[in-house]
């Protein structure tokens, strides 16, 4: 009979292996420094740039480097659209729009990404999510 300590050790070891296999790649220290530097100058720029780069990393294998981060902010067509949504609509709208952007990401079709996102965002399921978020926030405030 296997004792409890051995069972626990095997369980923890298995969980460690599974978490290592399923976790997203960790950004480099240089990337973290670039993100922190950007936050000092423009917090919204850092948020939007990081959100886009994380999505591009997961879907398109874009590396999480300072150069990629700068490239997203300088030339990705979604950056300006998401900056506008973030500044005009606040957190709830931004989060739902970001999810719509992630849903419509196509690695080889960046120029039409904003239009695809706009269409996806207008779908009833996305509007329902937004309404629920806003309602929850209003209830919390009261």
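FYI, it's all coordinate maths here, none of it is from the lab. Owing to the predicted nature of the structure, the values given are computational and were not obtained by experimental measurement. FYI the Cβ positions are ideal-geometry reconstructions off the backbone, even for glycines, and counts take in every protein chain you see.
Annotations for the structure displayed:
Rundown of residues vs (1) surrounded by 14 or more Cβ atoms within 10 Å (Cβ to Cβ); (2) touching a residue at least 24 places away in the same chain (Cβ under 8 Å), yes/no style:
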{"position": "46", "(1), (2)": "yes, no"}
{"position": "51", "(1), (2)": "yes, yes"}
{"position": "87", "(1), (2)": "no, yes"}
{"position": "117", "(1), (2)": "yes, yes"}
{"position": "122", "(1), (2)": "no, no"}
{"position": "126", "(1), (2)": "yes, yes"}
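- Residues considered: 62, 104. Of these, the only one that is more than 16 Å from residue 31 (Cα to Cα), free of Cβ contacts under 8 Å to residues at least 24 places away in the same chain, surrounded by 14 or more Cβ atoms within 10 Å (Cβ to Cβ) and out of contact with any strand residue (DSSP E or B) (no Cβ under 6 Å at 6 or more places or on another chain) is 104.
- Of all residues in the stretch 69-85, those that are touching a residue at least 24 places away in the same chain (Cβ under 8 Å) and crowded, with 16+ Cβ neighbours inside 10 Å total 8.
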